[in-house]
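Below is one structure, written out as structure tokens; comments come after it.
The values are calculated or read from the model by the stated rules, or taken from the named source; none is laboratory data. In this text the structure is predicted, and so the values were computed from the model without any measurement. Backbone-built Cβ (ideal geometry, glycine too); neighbour counts: all protein chains shown. Each accessible area value is taken on the protein alone, full model and side chains, heavy atoms only, with ligands, DNA and RNA left out. Shrake-Rupley method; radii C 1.70, N 1.55, O 1.52, S 1.80 Å.
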Amino acid sequence: MEQTEQPEGSDPRPRDPLSGTTVVTLAVNLPGPLAAARLATLGAAVVKVEPPQGDPLKAGAPAWYRELVAGQEIVTLDLKDPADRARFEKLLVRADLLLTAHRPSALVRLGIPEAVRLRGLAHVEIVGHDGDGAERPGHDLTYQAAHGTLSPPAMPLVPIADLLGAERAVAAALLALRARDHGTEGRHVRVVLDEAAHDAAAAARFGLTSRGGPLAGGLPGYGIYPTADGFVAVAALEPVFAERLAAHIGRTQEELELRFASEPAAHWERLGEELDLPIVRVRQPGGG
């Protein structure tokens, strides 16, 4: 990478914390590409290795796929083919970290743990389950189902386990790289999506978002209210917000329902801005 001269007295550290770091990723679907994209925004050079059939995310959400892989090098390889495997090994020579999202047995069949060990790479392994259930199949929907964050029969709007797992993978990458740089234990980190789903469900588990909880309709100042043409979300949790909401709009749920229903959502959003109150029009998925 070409280096530019630093002005005298300037900070010599790179602007991006992962500048000069190369990440090779075999991870397809969602958590891996999300994590790789985040590492790229932190300055890492990302080489995305895809199987001959491609990344399923590209077929299911092509626009999101393009957003996530922007600026990355895309390489199509069949790791079971000797020639392609040799190309993959060359990629690992210049890599600092490998990101994977396979079942443990699949990684072993591909010889990935040995390749990582021989080259001293940092390795972040995204898996669905750990321990005795490490080979159990799963996806975001089943992780959420297991930990009570679904409201059947509605499908989830947000893949909670995948998103939280991706952020954990980014943190794991930073830890693994640091361990590699310092020659200490911890250069291999396993991120478990089922554990991410468990932690994401804590709010419901401890009563915050369960039916009637303070974040699920138990407080008048924290809820979703119909307006003349849609809905608004009101999040006046802190006492200063709650008192301001009570003084200008209403204190009880009944008072708030009547007032909000009297004007369109845009009116209440503007009033929220004027009064410094967290009131936002509920938009449809996609921003509409």
With every protein chain present, what is the per residue accessible area of region 222-288 (1.4 Å probe, Å²)? 61
Mind listing the phi-derived Karplus ³J(HN,Hα) values for region 278-285, rounded to whole Hz, using 6.51, -1.76 and 1.60 with θ = phi - 60°, and x for any glycine or proline? x, 10, 9, 4, 7, 9, 6, x
Would you pull out the residues with amide H under 5 Å of Arg190's amide H, same chain only if 5 or more places away, H placed 1.01 Å from N? Glu125
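Where the accessible area of the chain is counted over protein heavy atoms with a 1.4 Å probe, how much of it, in %, is carbon and sulfur? Spell out each step's value before the answer.
Working: 9070 of 16430 Å².
The computed percentage sits at 55.
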For the pair Ala203 and Leu150, the simple spin-label estimate (label points 7 Å beyond Cα toward Cβ) gives in nm 2.0
Distance in nm between label sites at Leu271 and Ala106, each 7 Å beyond Cα in the beta-carbon direction? 5.3
Just need log10 I(q)/I(0) for region 134-219 at q = 0.10, 0.25 Å⁻¹, Debye formula, equal scatterers on the alpha-carbon atoms, no solvent, rounded to two decimals. -0.35, -1.16
Output wanted: per-residue J couplings in Hz (rounded whole) for region 64-76, from phi through Karplus 6.51 cos²θ - 1.76 cosθ + 1.60, θ = phi - 60°, x for Gly and Pro. 5, 4, 4, 5, 6, 9, 4, x, 9, 8, 9, 10, 9
Helix 160-182 against the longest principal axis of the chain: what's the angle in degrees, Cα atoms only, rounded to the nearest 10? 40
Highest mean packing first, using Cβ neighbours within 10 angstrom, the peptides 48-59, 275-286 sort as 48-59, 275-286
I need the P(r) histogram for the chain: all alpha carbon pairs, bin width 5 Å from 0 out to the longest distance, whole percents. 1, 5, 10, 12, 13, 12, 10, 9, 9, 8, 6, 4, 2, 0, 0
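With a cut-off of at most 11 other beta carbons within 10 Å, and DSSP calling the residue loop, which GluC sites (Glu not before Pro) in region 127-233 qualify? Please list them.
Details: sites: Glu135, Glu167, Glu185, Glu195; in loops: Glu135, Glu185.
Within region 127-233, the qualifying GluC sites (Glu not before Pro) (loop, at most 11 other Cβ atoms within 10 Å) are Glu185.
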GluC sites (Glu not before Pro) within region 41-92: DSSP coil, no more than 10 neighbouring Cβ in 10 Å: none
Taking the chain as a Gaussian network, where each spring joins two C-alpha atoms under 10 Å apart, which residue of Ala95, Ala216, Ala176 fluctuates the most? Ala216
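If contacts are Cα pairs under 8 angstrom and at least 6 residues apart, what is the relative contact order of the chain in percent? Mind showing how you got there, number by number?
On the way: 438 pairs, mean separation 35.5, N = 288.
Once divided by the residue count of the chain, the mean separation gives 12 percent.
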Could you order His182, His147 so the one with the most accessible surface comes first? Probe is 1.4 Å. His182, His147
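Assign one of three labels to region 64-146, namely rounded, prolate or oblate, based on the Cα gyration tensor with a ≥ b ≥ c the square roots of its eigenvalues; rounded applies when a/c is under 1.5, prolate when it is not and a/b is larger than b/c, and oblate otherwise.
Cα axes put region 64-146 in the oblate bin.
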In degrees, nearest ten, helix 31-41 long axis to first principal axis of the chain (Cα): 90
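Quick one: ranking Glu274, Glu269 by accessible area, 1.4 Å probe, largest first, what do you get?
Values: Glu274 140, Glu269 35 Å².
Output order, biggest surface exposure first: Glu274, Glu269.
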Unit-weight point scatterers at every alpha-carbon of region 209-258, Debye formula, q = 0.21, 0.23, 0.25, 0.30 1/Å: log10 I(q)/I(0) is -0.71, -0.84, -0.96, -1.21
Per residue, what volume in Å³ does the convex hull of the Cα atoms of region 199-288 enclose? 107
For region 101-115, in order, what is each residue's ³J(HN,Hα) by Karplus, 6.51 cos²θ - 1.76 cosθ + 1.60 with θ = phi - 60°, in whole Hz (x at glycine and Pro)? 8, 10, 5, x, 5, 5, 5, 5, 4, 7, x, 5, x, 5, 4
Compute a Gaussian network model of the chain, connecting alpha carbons closer than 10 Å, and tell me which residue from Ala36, Ala44, Ala63 fluctuates the most. Ala63
Given a 10 angstrom Cα cut-off, can you work out which residue in Gly186, Gly148, Gly131 is the most mobile in a GNM of the chain? Gly131
Report P(r) for region 80-214: all Cα-Cα distances, bin width 10 Å, range 0 to the bin holding the largest distance, values in whole percent. 11, 34, 30, 16, 7, 1, 0
Translational diffusion coefficient of region 168-210 at 10 °C, 1.306 mPa s, Stokes-Einstein with Kirkwood Rh over Cα pairs, in µm²/s as a whole number. 133
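Express in nm, to one decimal, how much length is gained between Glu254 and Leu215 on full extension, taking 0.36 nm for each residue of separation and deducting their alpha carbon distance.
On the way: separation 39, 0.36 × 39 = 14.04 nm, distance 1.76 nm.
So the chain would gain 12.3 nm between Glu254 and Leu215.
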Amide H contacts under 5 Å for Gly128, placed H, 5+ residues apart: Leu193
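Rg(Cα) of region 12-157 divided by 2.2 N^0.38 Å? Walk me through the numbers on the way to the answer.
Values: Rg = 16.5 Å, N = 146, 2.2 N^0.38 = 14.6 Å.
Taking N as the residue count of region 12-157, the ratio is 1.13.
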